[in-house]
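The values are calculated or read from the model by the stated rules, or taken from the named source; none is laboratory data. These numbers were taken from a predicted model, which means no experiment stands behind them. When we count neighbours, we look across all protein chains shown, and the Cβ atoms used for this are built from the backbone with ideal geometry, even at glycine.
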């Protein structure tokens with residue numbers, strides 16, 4: 001399984017995600033296997049939010065330990081029912 005730092009992950013397109021005890025796993029366009037998102041502080045405990053503004057959906061992550069943040073284009077889900 002490939003590990004990707006949050007700073008090296010800029011521009012990734014996320015197709016799906018899951019949180020587990022050992023990290024945040026992302027399904028990313030162009031990668032056959034899931035990748036594990038790692039923070040520079042080495043804690044990698046993430047707060048994850050899905051946002052559905054007008055236009056493209058986004059996945060927002062922030063490190064629970066140091067506050068490092070990143071956002072990704074999120075293509076996995078459809079828009080939530082209204």
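Worth a mention:
- Residue within the stretch 33-42 that is without any contact (Cβ under 8 Å) to a residue 24 or more places away in the chain and under 11 Å from the mean Cα position of the chain (by Cα) present: no
- If you go through the stretch 8-17 and keep only what is surrounded by 11 or more Cβ atoms within 10 Å (Cβ to Cβ), in contact (Cβ under 8 Å) with a residue 60 or more places away in the chain and closer than 18 Å to residue 63 by Cβ, you end up with 9, 12, 14.
- Residues that are more than 15 Å from residue 73 (Cβ to Cβ) and part of a strand (DSSP E or B), drawn from the stretch 1-34: 2, 3, 4, 5, 18, 19, 20, 23, 24, 25
- Residues satisfying the stated conditions in the stretch 18-44, i.e. under 19 Å from residue 65 (Cβ atoms) and either surrounded by 15 or more Cβ atoms within 10 Å (Cβ to Cβ) or in contact with a helix residue (DSSP H, G or I) (Cβ under 9 Å, 6 or more places away or on another chain) (or both): 23, 24, 25, 26, 36, 37, 38, 39, 44
- Of all the criteria given as (1) buried (at least 18 other Cβ atoms within 10 Å of the Cβ); (2) at pLDDT below 90; (3) closer than 17 Å to residue 15 by Cβ, the one not satisfied by residue 79 is (1).
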